[in-house]
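K.L.:
Structure below; questions to follow.
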Amino acid sequence: MNIKKLAKKLNLSITTVSRGLGGYSDVNENTRKKIIKFAKKYNYAPNPNASNLASRKTNTLGFVIPLYGINSNRLNQASFFEFIAGMSNKINSENIQFIMTFANTINEEKNAYEKLIKINKVDKFILHNLKKNDSRINYLKKNKINFVGWGRTQGKINFPWVDLDNEGSVKLIMEYLYSKNHKNIAFINVEEKYNFAYQRKQGYVKFLKKNNLIFKKNLYISISNEDPDQSALVIEKKILNNSKITAIICSTEYSAAGAIKACNKLNKKVGIDISLITFDGAVVNSISSPSLTAVTHDRKKLGSKAIEILTTIKNSKSKSYFLAKPEIIERGSVLTLKNNKTVIK
């Protein structure tokens, strides 16, 4: 079924059918509903390439996935596809073309954006792994490209975004661990150049300050090497040098994998001799015993909200941000210590 045949069946002009499907206000509401009904009945979908030629807009969404840095390990790559799964229904309903490409280095990532904009004429982007100050934002604004950040930056945030509540998540974790009488809690984070890592550290520090507790440098690690084996060595050393540690917070799944390796090597049973809690945990959860207690967020909803925001950016009544609230899923890797409970403010 093409638009010419559809217009003939409806006894309408091709222009009216096209504008009705496009949601233009100059087409009567009843007529528009009839057009949509017939389009569904005869399985008609607009040809995106033809629409692009007519409107001189590509309606194409680009997503550059970095496979270096914190995403060099496969454990951290699973989150992309949860997010994309959430995007898919909105992409299809909005008739958006989707181009996903991968980058193994910073230069490859920069070149990917340039190619997608100048050659593929991509006019929309989802940005991921935002740094505290991210050069991609100015680049996209300079080229007048619509985008939504999966994450935020520091300072005044003047772009649309969806994100995890990173500070709130760490506050929730700390309250949870303190309710189980843990006081010597190690935090395994990634480099704070990534804004989510910076926010997670801020959540940790703010909780300690609010409860009149001292930030101990020997309980906090920022790991630049994103390999679980290397993380295991660092965590093993940290545990050996701090015998009072009773719980470990892992900011990413690869650090959780490293923590499990370190505990196994030291013959410390997770959930008995030492407690572990991680962010996400969907992947590590399936390969660890006991399964790891985790703070989780609905990444599919994040993906869906990102497209919703992207397609309504020009509507001043619509929100240009979405913050996913955290939830803790208990799986048996956090032990309740037999102490007097700590009062949390």
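K.L.:
Within the range 8-30, which residues are open to solvent by less than 100 Å² (accessible area, probe 1.4 Å), part of a helix (DSSP H, G or I) and over 20 Å from T312 (Cα atoms)?
P.N.:
Of everything in the range 8-30, those that are open to solvent by less than 100 Å² (accessible area, probe 1.4 Å), part of a helix (DSSP H, G or I) and over 20 Å from T312 (Cα atoms) turn out to be L10, I14, T15, T16, V17, S18, E29.
K.L.:
Please return the ranges of strands (runs of 3 or more DSSP E) entirely within the range 264-328 where 2 or more residues are within 22 Å of L177 (Cα to Cα) and not charged (D, E, K, R).
P.N.:
Working: elements: 275-279, 293-296, 321-324.
In the range 264-328, 275-279, 293-296 are the strands (runs of 3 or more DSSP E) which contain 2 or more residues that are within 22 Å of L177 (Cα to Cα) and not charged (D, E, K, R).
K.L.:
Something else: Which of the numbered conditions does H128 fail, given that it passes all the others? Conditions: (1) at pLDDT below 90; (2) open to solvent by 60 Å² or more (accessible area, probe 1.4 Å); (3) of a type outside the set (A, V, I, L, M).
P.N.:
(2)
K.L.:
For the range 268-291, which residues satisfy the criterion of being surrounded by 22 or more Cβ atoms within 10 Å (Cβ to Cβ) and under 20 Å from the mean Cα position of the chain (by Cα)?
P.N.:
I277, T278, F279, D280, G281, V284, listed by residue number.
K.L.:
Check S243 against each of (1) outside any helix (DSSP H, G or I); (2) closer than 17 Å to G271 by Cα; (3) modelled with pLDDT of 95 or more and name the one condition it does not meet.
P.N.:
Answer for S243: the failing condition is (3).
K.L.:
Ok, one more. State which residue is least open to solvent (accessible area, probe 1.4 Å) when the search covers only the range 98-125 and only residues that are polar (S, T, N, Q) and either in a helix (DSSP H, G or I) or under 21 Å from L302 (Cβ atoms) (or both). Let's see the steps before the verdict.
P.N.:
First pass over the range 98-125, keeping only residues polar (S, T, N, Q): 101, 104-105, 107, 111, 120.
Within this subset, residues satisfying the condition of being either in a helix (DSSP H, G or I) or under 21 Å from L302 (Cβ atoms) (or both) are 101, 107, 111.
Details: T101: 42, N107: 103, N111: 95 Å².
In this case the residue turns out to be T101.
K.L.:
Of the conditions (1) under 17 Å from the mean Cα position of the chain (by Cα); (2) over 20 Å from Y204 (Cα atoms); (3) among the basic types (K, R), K325 fails just one. Which one is it?
P.N.:
(2)
K.L.:
What number goes with the only condition from (1) out of contact with any His (no Cβ under 7 Å at 6 or more places or on another chain); (2) touching a residue at least 24 places away in the same chain (Cβ under 8 Å) that K269 does not pass?
P.N.:
K269 satisfies every listed condition except (2).
K.L.:
Starting from residues that are among the hydroxyl-bearing types (S, T, Y) and open to solvent by less than 10 Å² (accessible area, probe 1.4 Å), keep the ones in the range 223-251 and report whichever is farthest from Y178 (Cα to Cα).
P.N.:
First pass over the range 223-251, keeping only residues among the hydroxyl-bearing types (S, T, Y): 224, 231, 243, 246, 251.
Restricting the remaining residues to those that are open to solvent by less than 10 Å² (accessible area, probe 1.4 Å) gives 231, 251.
Working: S231: 25, S251: 18 Å.
Filtering the range 223-251 for residues that are among the hydroxyl-bearing types (S, T, Y) and open to solvent by less than 10 Å² (accessible area, probe 1.4 Å), the one farthest from Y178 (Cα to Cα) comes out as S231.
K.L.:
Separate question: What are the residue pairs meeting all of these: first residue in the range 194-222, first residue open to solvent by 40 Å² or more (accessible area, probe 1.4 Å) and in a helix (DSSP H, G or I), second residue of a type in the set (K, R) and modelled with pLDDT under 95, Cβ atoms under 8 Å, and 6 or more apart or on different chains?
P.N.:
That search, which allows pairs on different chains as well, returns Y198/K132; K210/K345; N218/K238.
K.L.:
Another one. Out of all the residues in the range 76-89, which are in contact with an Asp or Glu (Cβ under 9 Å, 6 or more places away or on another chain) and at pLDDT below 85?
P.N.:
Scanning the range 76-89 gives N76, A78, S79.
K.L.:
Show the residue pairs meeting these rules: Cβ distance below 8 Å; 6+ apart or different chains; first residue within the range 143-155 and assigned to a strand (DSSP E or B); second residue basic (K, R) and surrounded by 17 or more Cβ atoms within 10 Å (Cβ to Cβ).
P.N.:
These pairs meet every condition: N146/K124; F147/K124.
K.L.:
Taking the condition of being touching a residue at least 60 places away in the same chain (Cβ under 8 Å), surrounded by fewer than 18 Cβ atoms within 10 Å (Cβ to Cβ) and farther than 21 Å from G332 by Cβ, how many residues in the range 158-182 meet it?
P.N.:
Residues flagged as touching a residue at least 60 places away in the same chain (Cβ under 8 Å), surrounded by fewer than 18 Cβ atoms within 10 Å (Cβ to Cβ) and farther than 21 Å from G332 by Cβ within the range 158-182 amount to 2.
The values are calculated or read from the model by the stated rules, or taken from the named source; none is laboratory data. Note that the coordinates shown come from a computational prediction; the quantities given were computed from them, not determined experimentally. Glycine gets a Cβ as well: all are built from the backbone with ideal geometry, and neighbour counts include every protein chain shown. Side chains are part of the model used for accessible areas, which takes the heavy atoms of the whole protein and leaves out ligands, DNA and RNA. Shrake-Rupley method; radii C 1.70, N 1.55, O 1.52, S 1.80 Å.
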